[in-house]
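Undergrad: Quick one: the structure is below, questions incoming.
The values are calculated or read from the model by the stated rules, or taken from the named source; none is laboratory data. Only a predicted model underlies this, so the values are computations on that prediction, with no experimental measurement involved. Don't worry about glycine lacking a Cβ; one is built from the backbone with ideal geometry, like all the others, and counts go over all protein chains shown. Heads up: the accessible areas ignore ligands, DNA and RNA and are worked out on the full protein's heavy atoms, side chains in. Shrake-Rupley method; radii C 1.70, N 1.55, O 1.52, S 1.80 Å.
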Amino acid sequence: MTCCTTCAAPAQAATSTTAAGRPSARQESAPANGQETPVVEAAMIPFDRLPLSDTCWSLSTGPDDRIYAAACTEHIGGVAAYLMRYTPAAELGKGKLEYLFDIGEAVGEPADNGRATQCKIHYCFMPDPKSGIFYGATHLSGAPRGDMGYSWFGSWKEPHRSFRGSFLFAFDTRSDKILWTDLCYPWEGSRCMALDAERGLIHGVGFPRDHYFVYDLQERRHTDYGRLGSVNPQCIWVDSRGNAYTTDDWGHILRFDADRRRLEQLEIRTPFAPWSEGWHNVSYDVVADPRDPDVVYGCSWNVPSHIFRYRMPSAGRGVGEMRDYGPGLPGAGYKELGTFFSDHVGGLVFGDDGYLYYCASDMIREAWEVTSDRHCWVVRMDIDTGEKEKLGIIKIGDFRVAYVSRAGRTRSGRMLFADVLNKPTRMYEFQPAVDTRRPKVSPPLRMWG
Amino acid sequence: MEIKIGAEPDPQTFLDRRPELSPKLQDREGWRLLYRHKRNAYVTEGYFICRRLRYNSQYKPLPDYSSAITSLTAGPDGTLYGATSGERVHVFVFNPAPPFDTVAPLAALEGETDCRRCLVWEKENSVVCATRAAPGAKRADWEGGALYRVTGVGFYADAVQEWPRGLGEVEKLCVPVKGEGLAALVIDRGRSRVYGLSDKTAEFYFYDLERKCIERRGSLDPTWLHSENLMITPDGTVFGTAVGNRLMRYDPQADKLEMLEQTIPTWPGRALYARIDSWVYEPLSGLLYIGDQGDGFLWTLDPRTLETRLLGKPTDRIRIRALAAAHDGRIFGMAGQVGDMCQMFVYEPQTRQLRNLGVPQATVEERRYGFEFDSAAAGPQGQIYFGESERSSRLFIYFPSYPAAGVGEVQAPQ
């Protein structure tokens with residue numbers, strides 16, 4: 001157990017509730033243009049005991065209302081992912097941080113076994129509230145120990161170095177025991193997953209072949225339903241009937257019909273910018289509507305990423321309804337050098353006030369490796385009006401956050417954001433102010449990664 | 001091994017265990033080098049484009065689960081014909097020439113689910129195909145695989161400003177072998193006949209396209225272990241395999257079907273798995289190049305001398321599912337089994353080099369990796385077509401790089 005620190009920034013009390021629900025944002029020193037950039041009050045929780053970890057691709061609320069995160073190490077060979085758990089305290093950043101276990105060792109693929117490592121959990125956390133089990137599945141692309149990189153195409157099924165496959169683990173949050181592990185998808189990583197707890201099915205997408213598969217928890221075996229395209233969707237979600245949804249390369253909604261066990265393309269697409277043809281408009285992050293189990297809000301993995309609402313078709317008929325809320329970063333237009341890193345949108349999570357919160361990067365990337373002017377905004381959106389408000393950037397002391405992959409929340413409304421590309425990897429804790437004039441909502445437990 | 005939950009890791013251990021790597025690898029140049037190495041996984045010699053199986057974006061492509069391109073054949077006029085397998089067989093035509101450069105669906109064959117290695121160009125605007133039942137798709141009333149003639153133009157006028165499009169007509173010719181599917185089909189246009197093979201007992205037959213009558217020459221392999229391929233040479237001699245992996249030859253002049261002493265070349269102990277997976281006749285050498293199903297070998301058969309020669313194993317994949325011959329004698333192929341990530345290779349007869357070219361990737365009309373292919377054909381302008389075989393498939397078109405000056409018959413333009 002570790003009580004984490006808030007690094008350079010002094011611990012801040014949770015933001016106070018205001019009548020207007022506007023968080024009390026600090027103002028950072030005035031930039032050259034004379035305008036101050038607001039900063040939200042947040043705490044940083046670095047995974048200090050994992051000094052080589054560099055990304056946190058998965059963060060989810062567990063069935064025990066604690067936050068689970070994956071400390072991933074993909075840029076140095078020979079290190080496996082670690083499962084982390086965080087229990088927030090009243091004061092931001094003062095919660096209990098636990099290093100639960102080395103996932104490579106847990107699944108029987110220790111990081112120094114000469115193969116590409118079990119280095120990540122990539123959007124593949126799934127809590128089962130009934131059983132208290134927290135599921136996770138591994139992903140590539142960490143190199144074997146001693147190698148600088150891993151070529152997933154060049155090493156496909158190569159007998160010595162190749163990634164052995166995605167392993168699923170079932171962690172019992174009630175007893176703190178690993179109940180079982182299984183190779184759920186051989187030779188490939190799992191990009192994203194969703195749990196249909198009623199049917200005991202886990203829906204997944206593999207990488208690099210981009211196939212859709214379904215893992216049966218009872219039979220402990222997977223079935224492959226064929227290829228989606230070339231760009232992995234980054235999210236699968238399920239409706240109230242157990243149908244699963246994701247997208248193809250062009251943002252077409254794909255539905256896995258749970259009764260017919262068939263993957264089908266619906267004639268409806270996720271929204272994209274008018275100058276774009278919609279390629280790469282795969283789903284990136286999706287959260288369930290707190291008021292309707294058959295409505296989700298999501299964003300695309302594109303530049304600019306658009307926020308959308310998708311009402312899934314009732315009783316399997318039709319294609320559903322899509323609403324485009326426009327770019328995730330309010331006012332974002334065409335950007336000649338926009339990239340998936342510098343203009344990223346992720347970390348979607350609902351607040352108790354029914355606002356949709358998320359993180360939107362707005363940075364300048366001079367070259368592939370160089371990003372300066374780090375800005376990661378916390379944005380909140382009114383899902384009824386579509387109005388978006390930039391609350392402030394996440395900045396802890398002099399450290400500016402750049403990229404947030406996923407978010408989770410506790411029942412008390414505390415939000416945690418997962419960071420990517422800082423060593424050691426880390427997360428950020430944020431308590432949004434609640435607009436007391438708005439009806440309180442209770443967002444459901446997120447059943448997908 | 002028991003995993004202790006919640007034991008805090010010692011950070012120093014990670015630092016101490018870190019292998020010693022050159023600091024240069026951490027800087028920008030190091031990363032660029034790394035990415036160059038990773039990029040080498042793709043085919044970068046020559047280039048690929050792909051075409052969706054639709055006329056233009058006004059139309060839907062051939063449906064998912066029915067678009068795996070399992071047969072291809074090119075006509076001398078430059079048009080390419082394809083047939084798909086899955087829930088339904090579709091026959092399409094691709095016209096590579098402006099103003100088209102597009103695919104036109106010709107026909108959907110009612111009740112048919114599989115057409116594999118079974119499409120031949122008969123004459124202008126006419127192809128013949130043969131069908132079988134896809135795994136699990138055999139109905140109780142299924143009569144057997146059938147021969148079809150599909151005729152149609154598909155293209156008129158202009159595909160840019162207007163796009164009137166024609167469909168084909170389907171004529172069911174016959175069911176050659178009751179209760180069995182059709183595994184292979186080749187055509188002897190000089191004799192106006194197609195030769196075929198049934199998928200279980202390897203019943204060998206030919207169908208006269210003018211007289212519309214069928215003649216059977218008996219079963220080649222009652223053990224059902226034959227290669228599901230027939231090969232034909234320009235003089236009309238047909239080759240296949242029979243029981244025991246022996247080669248079979250049919251001489252149309254003498255109407256003689258004979259079992260040869262030669263067998264499929266393979267490694268010791270691997271004869272059990274050796275089959276002909278794909279083949280192509282290469283006119284410059286007069287050789288049949290053959291891809292192996294069991295181990296992914298490439299070998300040749302000289303139809304005149306019956307000499308077989310094992311050329312090697314171009315990749316670590318265990319099948320060669322598609323082969324095509326370029327005009328300069330180079331042989332291009334796709335190696336990889338079902339569910340695999342294929343690799344493309346080339347055999348250069350002039351230098352006797354067998355080279356793995358990598359994983360195909362098209363960037364036009366779609367950015368798409370090519371993982372599985374079940375068919376290939378060469379176009380008259382030197383392009384090589386590969387039929388993707390996926391839940392939702394595309395036609396891949398490969399433009400080989402020019403060979404070195406002085407090699408082969410094709411020279412780089414002045």
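Undergrad: Hey, any hits in the range B:155-174 for a residue that's in contact (Cβ under 8 Å) with a residue 12 or more places away in the chain, in contact with an Asp or Glu (Cβ under 6 Å, 6 or more places away or on another chain) and open to solvent by less than 20 Å² (accessible area, probe 1.4 Å)?
TA: No, the range B:155-174 has no match at all.
Undergrad: So which residues in the range A:288-305 are in contact with a strand residue (DSSP E or B) (Cβ under 9 Å, 6 or more places away or on another chain) and either open to solvent by less than 10 Å² (accessible area, probe 1.4 Å) or among the charged types (D, E, K, R) (or both)?
TA: Within the range A:288-305, A:D289, A:D292, A:D294, A:V295, A:V296, A:Y297, A:G298, A:C299, A:S300, A:S305 meet the criteria.
Undergrad: Taking the range B:76-95 only, how many residues are surrounded by 20 or more Cβ atoms within 10 Å (Cβ to Cβ) and not hydroxyl-bearing (S, T, Y)?
TA: 11
Undergrad: With respect to the numbered conditions (1) open to solvent by 30 Å² or more (accessible area, probe 1.4 Å); (2) charged (D, E, K, R); (3) more than 14 Å from chain B (Cβ to nearest Cβ), which one is the sole condition not fulfilled by A:D224?
TA: It is condition (3) that A:D224 fails.
Undergrad: Check the range A:307-326 and report whether any residue there is among the polar types (S, T, N, Q) and at pLDDT 95 or above.
TA: No, the conditions are met nowhere in the range A:307-326.
Undergrad: Given the residues A:S240, A:S190, which is the only one that is touching a residue at least 12 places away in the same chain (Cβ under 8 Å), open to solvent by less than 30 Å² (accessible area, probe 1.4 Å) and among the polar types (S, T, N, Q)?
TA: When all the criteria are applied, what remains is A:S190.
Undergrad: Taking the range B:15-53 as the region of interest, how many residues are assigned to a strand (DSSP E or B) and more than 11 Å from every other protein chain (Cβ to nearest Cβ)?
TA: The number of residues fulfilling the criteria is 4.
Undergrad: Given the conditions (1) within 8 Å of another protein chain (Cβ to nearest Cβ); (2) open to solvent by 100 Å² or more (accessible area, probe 1.4 Å), report the number of the one that B:I5 does not fulfil.
TA: That leaves (2) as the condition not met.
The rows are residues; the columns are (1) within 8 Å of chain B (Cβ to nearest Cβ); (2) among the acidic types (D, E); (3) more than 24 Å from the chain's Cα centre (by Cα); (4) within 20 Å of A:D182 (Cβ to Cβ).
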{"position": "A:D128", "(1), (2), (3), (4)": "no, yes, no, yes"}
{"position": "A:I133", "(1), (2), (3), (4)": "no, no, no, yes"}
{"position": "A:S141", "(1), (2), (3), (4)": "no, no, no, no"}
{"position": "A:Y150", "(1), (2), (3), (4)": "no, no, no, no"}
{"position": "A:E158", "(1), (2), (3), (4)": "yes, yes, yes, no"}
{"position": "A:F163", "(1), (2), (3), (4)": "no, no, no, yes"}
{"position": "A:S166", "(1), (2), (3), (4)": "no, no, no, yes"}
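Undergrad: Only one of (1) in a strand (DSSP E or B); (2) within 14 Å of chain A (Cβ to nearest Cβ) is not met by B:R321, so which one is it?
TA: Here B:R321 clears every test but (2).
Undergrad: Sticking with this structure for a sec: Out of B:Y347, B:Y289, report the one residue that is over 27 Å from B:W224 (Cα atoms), assigned to a strand (DSSP E or B) and under 17 Å from the mean Cα position of the chain (by Cα).
TA: None of the other options fit; the residue is B:Y347.
Undergrad: Going by the conditions given, is A:D224 free of Cβ contacts under 8 Å to residues at least 24 places away in the same chain, under 29 Å from A:D257 (Cβ atoms) and touching a Leu at 6+ places or on another chain (Cβ under 8 Å)?
TA: no
Undergrad: If B:D27 satisfies every condition in (1) within 30 Å of A:E98 (Cα to Cα); (2) at pLDDT below 95 but one, which is the exception?
TA: Against the list (1) within 30 Å of A:E98 (Cα to Cα); (2) at pLDDT below 95, B:D27 comes up short only on (1).
Undergrad: Follow-up. Under the condition of being outside any strand (DSSP E or B) and without any contact (Cβ under 8 Å) to a residue 24 or more places away in the chain, which residue from the range B:259-276 is surrounded by the fewest Cβ atoms within 10 Å (Cβ to Cβ)?
TA: Out of the qualifying residues, it is B:P268.
Undergrad: Name, by its number, the condition in (1) assigned to a strand (DSSP E or B); (2) under 21 Å from A:T339 (Cβ atoms); (3) of a type in the set (S, T, N, Q) that does not hold for A:Q234.
TA: So A:Q234 meets the others, but not (1).
Undergrad: Pairs, please: C-beta under 6 Å, at least 6 apart or cross-chain, first residue free of Cβ contacts under 8 Å to residues at least 12 places away in the same chain and in the range B:36-51, second assigned to a loop (DSSP other than H, G, I, E, B)?
TA: The qualifying pairs are B:K38/A:S151.
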